[in-house]
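*Asks:* Here it is, the structure in full.
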Amino acid sequence: MMEEIKKAILEFAETSKKSKFYFKDLEKAVQAKIPEAKMRDIKKAATELVNEEKLIYFSTGSTTMYGLKGRGITEDQ
Amino acid sequence: MDFKPKRPQKELKYEELRIYTDEELHNYTEEELKDFKIKHDIPDLEELEKGPWPSFVADAKREALHRKKLPKERMMIDQDVVDDLLGQLQLSFDDGETHWKHGGIVGVFGYGGGVIGRYSDVPEKYPSVAHFHTIRVNQPASKFYKTDFLRALCDLWEFRGSGMFNMHGSTGDIILLGTTTEQVEPLFYDLTHELDQDLGGSGSNLRTPSCCIGKARCEFACIDTQDLCYELTTHYQDELHRPAFPYKFKIKIDGCPNGCVASIARSDMSLIGTWRDDIRIDQEAVQAYIGGEIQPNGGAHSGRDWGKFDIQKEVIDLCPTGCMAMEDGKLVINNQECNRCMHCINVMPRALRPGTDTGVSILFGAKAPILEGAQLAVLTVPFMKAEAPYDNIKELLEKVWDWWIEEGKNRERLGELIQRKGLPRFLEVIGVPAAPQMVKMPRTNPYIFWKEEDVPGGWKRDIKDYRLRHKR
């Protein structure tokens, strides 16, 4: 299950219109493919992907978004 | 109650952690400061130094001079970073717009918060602040620090950053102002490994929970605010560091209704210590206040002669619910009517004390945004016991989070969601019955949407029949 969720996250991160997206958008995209996926599992999977250096956090200070490493803004600018 | 750390605590010794000697730190005289000019002209900022109040410009200039004289080989970012900061601020005054760019992917590995990316949009003019990232340091409950820790942190921040701090930001953390991307990971390593210190929350995370001084120093504290704050901080580490909320979420804890951390106005979940039995009265002490033997307000207003203490005028007549009176020379309180304004207890702390059956009132939905104006929290749970391990509070909080994560729009605070969906829906979600105290003006606007199942016998309503008599 966890592997399936991770795969769905990466698919969304590669093909989403915007290169940075909110967690909620991620959650909706995963649940469209795997309806039984729970928010907490999706969060765990996203955290694992961050630790595997496949996803990145993008923070404005007040809000945090996720992105695919290497897509869109990749350097710290 | 004794503090029981959840993991072994490291004893910090500044002498082992210091980066600069005393001579290196005390490196300029007041005379030198008088003649000191930073490398940019900052006429508008210097205006700010002229008023009666301490000015951040004066502080920043001290730091600029101080950094110029620190040993260069032990400074990992530019020595003139403060000069460039002030220079860029002057430019913003000239242009009437900011020159900061905000946000980015800068952070420490595995954490979604704690570091806020900041970049100059005029780096060629002010190269030392081209990167000027902000770092949040998780404050301990009630902000008790050993000087060893603070001195070591100051040294570390001169070494790896600008040397400038906010003590503290509104969330409660110490804010380290300004460093480069290259220094963020090493700084985090030093903070965690040497100073045994975590980062605080930022972004769409649980923000660092914050509490008042509590039972450590305050006799009014109805709950152990520090223990609760520490418990929530450690229990919700994942929520603090790995963002999955629609927006920020703040928890603040006041030990009594005096509300010294103003949780009611600036936290999504506000926990306020209270009691559900009676205010304790010491009638002898009441007489001592009346007789002038004890100063009212603990002597706080003794700088001027206000005349003899008048219990009728200064306490009883000021009670917002009129629930106090003197009867046969004794002070009596109709405790059912007390709304915890704290005035009588504040004026006569030796005669009146909060009750002993204590817990918390829980309020939700406050926020204090700069542009739209503040929104106060809604009293949702009038009373709940607050005893370790606080499972009842956690259970309630998690229900609220689940609903907010499910229903909240991106960048929507809990208070906005409650307004959008309505308080009755929120109460349904958390399983709390509605009470008159939740209505803003229950006597003039008792407007409630009843559901059929709430009313004995229900009702029948034929919309076609209604429309025959009422045109759209």
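*Asks:* For the stretch B:42-122, report the % of Cα-Cα distances exceeding 18 Å.
*Replies:* Summing the P(r) tail past 18 Å for the stretch B:42-122 gives 58 percent.
*Asks:* Sticking with this one: Any idea what the dipole of the protein assembly as shown comes to, in debye rounded to 20, about its Cα centre with Lys/Arg Cβ at +1 and Asp/Glu Cβ at -1?
*Replies:* Once rounded to the nearest 20, the dipole reads 2480 debye.
*Asks:* For the stretch B:280-353, list log₁₀ I(q)/I(0) at each q in 0.16, 0.17, 0.21, 0.23 Å⁻¹, using the Debye formula over Cα point scatterers of equal strength and ignoring solvent, two decimals each.
*Replies:* -0.52, -0.59, -0.91, -1.10
*Asks:* I need the calculated FRET efficiency for the pair residue B:379 and residue B:35, taking r as the beta carbon distance and R₀ as 41 Å, to the nearest 0.05.
*Replies:* E(calc), rounded to 0.05, equals 0.10.
*Asks:* Could you pull the Cα extents of chain B along its three principal axes, largest to smallest, in whole Å?
*Replies:* Projected onto its principal axes, the Cα set of chain B covers 80, 72, 49 Å.
*Asks:* What residue among B:352, B:388, B:287 has its Cα farthest toward the positive end of the dipole of the stretch B:274-393, where the charges are +1 on Lys, Arg and -1 on Asp, Glu, each on the Cβ?
*Replies:* The residue sitting farthest along the positive end of the dipole is B:388.
*Asks:* Residues of B:100-107, mean number of Cβ from any other protein chain within 10 Å of their own Cβ, rounded to a whole number?
*Replies:* On the way: counts 0, 1, 4, 10, 8, 14, 6, 7.
The shielding value for this peptide is 6.
*Asks:* Could you tell me the extents of the stretch B:14-194's C-alpha atoms along the three principal axes, largest first, rounded to whole Å?
*Replies:* Computed over the Cα atoms, the extents are 42, 39, 34 Å.
*Asks:* Still on this structure: Provide the packing ranking of B:22-31, B:123-132, B:185-194, i.e. peptides ordered by the mean count of other C-beta atoms within 10 Å per residue, highest first. If you can, show how the numbers build up before the last one.
*Replies:* Values: B:22-31: 11.2, B:123-132: 19.6, B:185-194: 16.2.
Order by mean packing, descending: B:123-132, B:185-194, B:22-31.
*Asks:* Hey, in chain B, which Cys have no second cysteine's beta-carbon closer than 4.7 Å?
*Replies:* Lone cysteines by the Cβ rule: B:154, B:218, B:222, B:256, B:319, B:323, B:338, B:341, B:344.
*Asks:* Continuing with this model, one more query. Under the definition of partner shielding as Cβ atoms of other protein chains within 10 Å of a residue Cβ, what is the mean value for peptide A:46-57?
*Replies:* Shielding by partners across A:46-57 averages 3.
*Asks:* Pick out, in residue order, every one of the trypsin sites (Lys or Arg not before Pro) in the stretch B:282-353 that is DSSP loop and has at most 14 other C-beta atoms within 10 Å; say none if there are none. Show your work: numbers first, answer last.
*Replies:* Working: sites: B:304, B:308, B:313, B:330, B:340, B:350; in loops: B:304, B:308, B:340, B:350.
Qualifying residues, ordered by number: B:304, B:308.
*Asks:* Still on this structure, please answer the following. Dipole size in debye (nearest 20) for the stretch B:16-78 around its Cα centre, Lys and Arg Cβ +1, Asp and Glu Cβ -1?
*Replies:* 180 debye
*Asks:* What is chain A's relative contact order, in percent, from Cα pairs under 8 angstrom and six or more apart in sequence?
*Replies:* On the way: 76 pairs, mean separation 27.8, N = 77.
The value is 36 percent.
*Asks:* Quote the convex hull volume per residue of the protein assembly as shown, based on C-alpha atoms, as a whole number of Å³.
*Replies:* 247 Å³
*Asks:* Would you mind giving the three semi-axes, in whole Å and largest first, of the ellipsoid equivalent to the stretch A:2-68 according to its Cα gyration tensor?
*Replies:* That gives 17, 12, 11 Å for the three semi-axes.
*Asks:* Between residue B:4 and residue B:342, what is the label-to-label distance in nm when each label sits 7 Å out along the Cα-to-Cβ direction?
*Replies:* Taking the two extended label points, one gets 2.9 nm.
*Asks:* Can you order the peptides B:164-176, B:284-296 by their average number of other Cβ atoms within 10 Å per residue, highest first?
*Replies:* The densest-packed peptide leads the list: B:164-176, B:284-296.
*Asks:* Quick check: net charge around residue B:21, other residues with Cβ under 12 Å of its Cβ, Lys/Arg +1 and Asp/Glu -1?
*Replies:* Details: positive: B:18, B:74; negative: B:15, B:22, B:23, B:24, B:155.
Spelling it out: positives minus negatives among the neighbours equals -3.
*Asks:* Just to confirm the filter: which GluC sites (Glu not before Pro) across the stretch B:372-466 are DSSP coil and have at most 11 other Cβ within 10 angstrom of their Cβ?
*Replies:* For GluC sites (Glu not before Pro) across the stretch B:372-466 that sit outside H, G, I, E and B with at most 11 neighbouring Cβ atoms in 10 Å, the list reads B:372.
*Asks:* With +1 on the Cβ of every Lys and Arg and -1 on the Cβ of every Asp and Glu, and nothing else charged, how large is the dipole of the stretch B:14-194 about its Cα centre, in debye rounded to the nearest 20? The partial results should precede the final answer.
*Replies:* Working: 20 positive and 34 negative charges, 91 e Å.
Value, rounded to 20: 440 debye.
*Asks:* Which residue, chosen from B:54, B:168, B:342, occupies the Cα position most advanced towards the positive end of the dipole of chain B, where the dipole is computed from +1 (Lys, Arg) and -1 (Asp, Glu) charges on Cβ about the Cα centre?
*Replies:* Result: B:342, furthest along the dipole toward the positive end.
*Asks:* Let me ask another. Taking each residue of A:16-22 in turn, how many C-beta atoms of other protein chains fall within 10 Å of its C-beta, and what is the average? Walk me through the numbers on the way to the answer.
*Replies:* On the way: counts 0, 0, 0, 0, 2, 1, 9.
Shielding by partners across A:16-22 averages 2.
*Asks:* What is the percent of Cα-Cα separations in the stretch B:214-349 that go past 18 Å? Can you show the working numbers first?
*Replies:* Details: 5854 of 9180 pairs.
Summing the P(r) of the stretch B:214-349 above 18 Å gives 64 percent of all pairs.
*Asks:* Sticking with this one: Once the Cβ-Cβ distance between residue B:461 and residue B:124 is put in as r, and R0 is 60 Å, what FRET efficiency do you end up with, to the nearest 0.05?
*Replies:* Once the sixth-power term is evaluated, E becomes 0.25.
*Asks:* Same structure again: Starting from the eigenvalues of the Cα gyration tensor, five times each then square-rooted, give me the equivalent ellipsoid semi-axes of the stretch B:328-420, largest first, whole Å.
*Replies:* Its equivalent ellipsoid spans semi-axes of 35, 18, 10 Å.
*Asks:* Then there is this: Please give the length that would be gained between residue B:287 and residue B:260 if that part of the chain were fully extended, namely 0.36 nm times their separation in residues minus their C-alpha to C-alpha distance (nm, one decimal). Could you put the intermediate results ahead of the total?
*Replies:* Details: separation 27, 0.36 × 27 = 9.72 nm, distance 2.91 nm.
Length difference between fully extended and current span is 6.8 nm.
We did not get these values from a lab; they are worked out from the coordinates using the rules stated. If you're wondering where the values come from, they're calculated on a predicted model, not measured in any experiment. No Cβ is skipped: glycine too gets one built from the backbone with ideal geometry, and neighbour counts run over all protein chains shown.
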